[in-house]
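Worksheet for the structure shown next.
The values are calculated or read from the model by the stated rules, or taken from the named source; none is laboratory data. On a predicted model such as this, the values are computed, not experimentally measured, just so you know. Here the Cβ is made from the backbone with ideal geometry for all residues, glycine too, and neighbour counts use every protein chain on show. Accessible surface is based on the protein model in full, side chains and every heavy atom, while ligands, DNA and RNA are left aside. Shrake-Rupley method; radii C 1.70, N 1.55, O 1.52, S 1.80 Å.
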Amino acid sequence: MLRVLGYLTGCFLLCGLIAVGGVIWVFWTYGQGLPDYTQLEDYAPPITTRVHAGDGSLLAEYAVQRRVFVPISAIPKMVRNAFLAAEDQNFYSHPGVDPMGVARAIVTNIRNLGKGRRPEGASTITQQVAQNFLLTKDVSIKRKIREAIISFRIERAFTKDQILELYLNEIYLGFGAYGVASASLNYFNKPLSELAPDEAAFLAALPKGPNNYNPITKQAAAVARRNYVLGRMAEDGVISVEYAGSLSERPIRVSREISTAITEAPYFAEEVRRELVGHVGEDGLYKNGLSVRTTLDPRLQVIARASLRAGLVAYDRRHGWRGPLTRLDAGTPWQESLAKIAVPPGGGDWSLATVIAVTPEQAEIGFVDASTGVISLAQLKWARKWLKGGNRGPQIKSAGQVLEIGHVVFVSRKTEDLGSKPYPGATHRLEQVPAINGAIIAIDPHTGRVLAMTGGLDFALSEFNRATQASRQPGSAFKPIVYLAGLDNGFTPSTRILDAPFVIDQGAGQGKWKPANYTKKFYGPSPMRLGIEKSRNLMTVRLAQTIGMESVAVQAERLGVVDNLPRHLSMSLGAGETTLMRLTAAYAMIVNGGKKITPTLIDRIQDRTGATVFRHDMRECLDCQQGGWFGQDPPQLPDIREKVIEPGTAYQMVSMLQGVIQRGTGRRIAELKLPLGGKTGTTNKSIDTWFVGFSPDLAVGVFVGFDEPRSLGKRETGSSVPAPIFKEFMRHALDGQSVVPFRVPSEIALMRVNPATGFAALPGERASILEAFKPGTAPPTAEVGRRLPTIGGNVPLDAENSVRRPRRGIY
């Protein structure tokens, strides 16, 4: 008996040794070359980068995986328990592999042999972490062994909570959501803290196969799987059996409505995206979970977008009707045919409609929802046929001249009154996507922060940003640069410049250059101010020739309008190309008193930990780090901006540009009765049109032109196309704001002068204006002025008052 017992003991020992040896051999064989599990200590999953407007509203998101990382301490216990019940009931007790689960899976797989079913696994949460982070997803015994080995090692290196945190933030849960926090938002539009137990159970049901439990397309399967998890939660004591039963009766209601405030500014957002790639690279943008605070003011952005669109539509309507979008087949019911037509880009909030009946007085239209409306003859008067060369067809006297049955067109709802009679509720207006395009930008002149930017009519129509990417000739909008150089060279706004024919021989074979005023007229000696206000080309060229194009070029380059301006006289009339952003920034430097600014769209960039990695305003404020406010004076930030224009010169130009609006080419804006300055710009043949201007605290630029350059048409200028856009923007942007006058430097003296002559005004002279002069440059009276020399240059001391006079004229 003892011999048998000893024999059996020996057999057991031998089998044990063989088993231990086998386990050691398996661990040795399959444990070679495994991934380094310690890399999980530095786990930094791809996280969504969020870009916010200045008020905190969401502007854009960029990600390769839409994930919001949440530490385990911030994940509600209910959510954690739901996943443990569904995926790993013994998570907190097993060493990385669950023996009972493995045994259960072995039995199940033996039963399924020959049935063609996929082998069942018994992966714990630790094993899923090993698989998701370190291994492939292939189904094989070798991979399962390697997975188990890594799981044991992970359990020794990390706490259970750390492992669960990795798992809950990494798993894919469908609807493009990675991690439980992102899934909670995507499915239920809720943060994790607001999830109900049945919603948490549904999320816990998804790791087995999100596509198999899509609550929209596979509601029954999703509910069944959710209810299974609720049952497991009841078994574990997370919730009561009765509560689980009541929750299982609920349908799964997906809420994909976004409650986050979102600002629509696609051109601005794309420009920010390009800048971010320059700062942090593609991977940094799409994977590093940055928080970006931009300079965008959503209120001004809405105004900018609406003003630009209205201005482009108004121009387009002045130039005629180019025809319908398409035409429906006569043999098919119009509702069915219209529903098949994709809405073309560029229509904004307009509706697509088809013409279903036409009378001389109106056209009846139908919509996709089978509702109907009318377009009255009054709303078709503008739609004279577009003809080449800027011409239009005959006047519209019947609706049939414009529309026919089957035409598909854009329409908008007509709501305003016509005299004292309101339009009927079903009356609509015929619309047309403009062929022309443009841009508008608004900048804080003191900081360079871009507050609003729209780079075109519609981002869906064209992603090309005409505010930052389009280099076009500014025309007369460049003239303030020339006059700034003149003011810095001893001239004043009252300096008289000869407005007369100007001819330059350009050299052998080049012919003669003969610039002319827009009006083709000559006005004789005129104050320099008039050269700006009336946009006189001949005065500008004569001034540029006198002071030298080197001075003009240096001024343009200092203000950032261009990088290297050719030293040719034609450049003084805006022949050099620039962008709307650069030119608007130059005007901003004029109105801010001559301080250099750099346009920026980004205030601050923070990494995933909240550390600031970029800040536009680099000034240090040691006194800002206070524990609270106790009545002390606010801290004073140093002004480190470089001076690029003398403050007196800058104000003189502000005053002259204010005159453009009060008396010159921008006078249609004067009805706003606000302190505004600006300058129109129109290139040869009206190919490019501009208006750039400012209030004391806001600089705004508008450009309008065709993407493939061609004339805007006869009598279309900076005054008729972009100026109304500027006007509408300023009307709404400054509505309700305190009226602040332009700031006058202490060294500037204001004196009344005759605007036609530039001489000091006589007592009681009604047409006089206040002119800005630097010390010692005030003009003489008209009587003394007649005796002064008429050749450009410094005038000797005046015997009457011993004051050195400035340059008196260019003739």
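The table for this structure:
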item	result
Accessible surface, region 182-328, averaged per residue in Å² (probe 1.4 Å)	46
Pairs of Cα atoms farther than 33 Å apart, the chain, %	67
Dipole-positive endmost among I149, A103, F759 within the chain (Cβ charges, Cα centre)	F759
Amide H within-cut-off set for G758, under 5 Å, with H built and near neighbours excluded	none
Sulfur and carbon atoms: percent of accessible area, the chain [1.4 Å]	54
Accessible area in square angstrom per residue, region 711-763, 1.4 angstrom probe	52
Net charge dipole size for region 160-227 [Lys, Arg +1 and Asp, Glu -1 on Cβ; Debye, nearest 20]	300
Nearest 10 degrees, 0 to 90: helix 266-287 Cα axis against the chain principal axis	40
Shape category assigned to region 573-613 from the gyration tensor of Cα positions, a/c cut at 1.5	oblate
Two-decimal Rg to Rh for region 193-243 - Kirkwood Rh, Cα set	0.98
Ranked by how many other beta carbons lie within 10 Å on average, peptides 200-211, 578-589 from highest	578-589, 200-211
Helix axis angle, 537-547 relative to the chain longest principal axis, alpha carbon, degrees	90
Inter-label distance, nm, simple model (7 Å from Cα along the C-beta direction), Q545/N391	3.9
R0 of 22 Å, Cβ-Cβ distance R111-K208: FRET efficiency to nearest 0.05	0.65
Sites M100 and S291 - FRET efficiency at Förster radius 35 Å, r taken between beta-carbons, to 0.05	0.20
Region 599-691: trypsin sites (Lys or Arg not before Pro) in DSSP coil with no more than 12 other Cβ atoms inside 10 Å	R619, K673
Spatially proximal aspartates and glutamates relative to K340 (Cα-Cα < 18 Å; intrachain offsets below 8 disregarded)	D329, D369
Within the chain, helix-based [θ] at 222 nm, where runs of 4 or more DSSP H residues each add -39,500 (n - 2.57), nearest 500	-10500 deg cm²/dmol
Nearest-0.05 FRET efficiency for A224 and R608, computed from C-beta distance (R0 30 Å)	0.20
Greater than 24 Å apart at Cα, pairs in K520/K685; K673/K714; K520/K774; K479/K512; K397/K727; K596/K673	K673/K714; K520/K774; K397/K727; K596/K673
Between 0 and 90°, nearest 10: helix 160-170 axis offset from the chain longest Cα axis	50
Separation of alpha-carbon centers, region 654-684 and region 274-336, rounded to whole Å	29
Cα gyration tensor, region 302-439 - rounded (a/c under 1.5), prolate or oblate	rounded
Cα shape, region 469-519, gyration tensor, a/c 1.5 rule	oblate
For the chain, with +1 on Lys and Arg beta carbons and -1 on Asp and Glu, the positive-most of F694, S572, P501 along the dipole	P501
Simple label model, 7 Å out from Cα along Cβ direction - L672 to R299, nm	1.5
Nearest-20 debye value, the chain charge dipole, Cβ charges on Lys, Arg, Asp, Glu	2480
